[in-house]
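Notes follow once the structure below has been shown.
Every number in this text was worked out from the coordinates using simple rules, so none of it is lab data. Quantities reported herein were computed from a predicted structural model and do not represent experimental measurements. Glycine gets a Cβ as well: all are built from the backbone with ideal geometry, and neighbour counts include every protein chain shown.
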Amino acid sequence: MSTGKPQSGLRSRLAWFVLLWLADVACVSVVAYAIKLMIGTCCPFRSNRNIIPSSHSGSGTDPNENASRTHGYKPTHTMEFRMSSIKKFVSSVFVVGALALSSTVAVAGGHGAKDIVDSAAANEDFSTLVAAVQAAGLVETLKGDGPFTVFAPTNAAFAKLPEGTVESLLKPENKDQLVAVLTYHVLPGKVMAADIAGKELSPRTVQGSMVDIDAKSGVKNDGATVTTADIETLNGVIHVIDTVILPN
């Protein structure tokens with residue numbers, strides 16, 4: 001039994017987009033502030049409040065005063081202003097860095113995020129299962145908040161059924177029977193392989209009946225073997241099984 005790679009879904013992607021957007025806004029703000037700071041550093045006396053008439057008469061004994069009279073400026077507390085600006089700039093950089101890091105971690109941890117239905121649809125081995133879910137009208141249910149634990153039969157598992165069984169189940173007049181079969185493969189809640197390892201249990205399915213799970217050596221569900229476990233999705237987890245299980 002192998003373990004599937006973790007996946008997430010739509011809500012996680014929306015969260016990443018928000019984080020990335022915030023990071024972008026913060027970056028633009030910091031760049032604009034940096035430009036302003038550089039301009040202020042290169043021309044520290046550009047503010048109008050620092051300009052004094054060149055006719056200002058000083059004592060003539062203060063070199064700074066004489067210089068200001070010569071150039072038309074009056075020295076101010078520019079050093080304090082610069083230090084304050086630099087501190088603000090550094091703080092902004094830290095904020096942007098934190099946002100960018102959060103976005104990166106979120107994207108890295110949830111790359112390709114999908115719910116149960118989208119995860120199954122992205123795997124060609126589940127094409128029959130996806131067609132059955134669509135025919136049963138369970139797409140919105142399995143895209144819901146959940147969480148759900150789905151024991152997902154592969155195409156090969158469906159092929160083990162007697163000839164014509166799948167085609168019959170997909171007919172509109174057999175929708176109730178199809179819904180019963182599919183929901184028999186679903187448990188409420190998120191049950192990871194580690195949660196049941198070494199145990200035998202009979203949980204109740206969404207269909208209403210109970211299934212017999214033996215996890216003492218690998219995991220079996222009503223005799224079907226879990227070939228790949230713990231494919232995490234936005235709204236639950238998928239365990240791949242090699243046989244379609246049928247309610248009594």
For the pairs LYS143/LYS171; LYS114/LYS190; LYS114/LYS160; LYS160/LYS220, note any where the Cα-Cα span goes beyond 20 Å. LYS143/LYS171; LYS114/LYS160
Separation of the MET192 and GLN207 label points, Cα + 7 Å toward Cβ, nm: 2.8 nm
With the cut-off at 1.5 for a/c, could you classify the stretch 183-248 from its C-alpha gyration tensor as rounded, prolate or oblate? rounded
Applying a 10 Å radius around every beta-carbon, put 193-201, 212-220 in order of their mean neighbour count, most first. 212-220, 193-201
Determine which residues of the stretch 221-236 fall in the zone a paramagnetic label at ASP242 would reach in this model, i.e. backbone nitrogen under 11 Å from the point 7 Å along Cα→Cβ. 224-228
What does a probe at ALA159 reach in the stretch 206-248, counting residues whose amide N is under 15 Å from the point 7 Å along Cα→Cβ? 242-244
Amide H of MET210 versus every other amide H placed in the peptide plane: which residues, excluding those fewer than 5 positions away on the same chain, fall under 5 Å? THR205
Kirkwood Rh, the stretch 116-241, all Cα pairs: how many Å? 14.7 Å
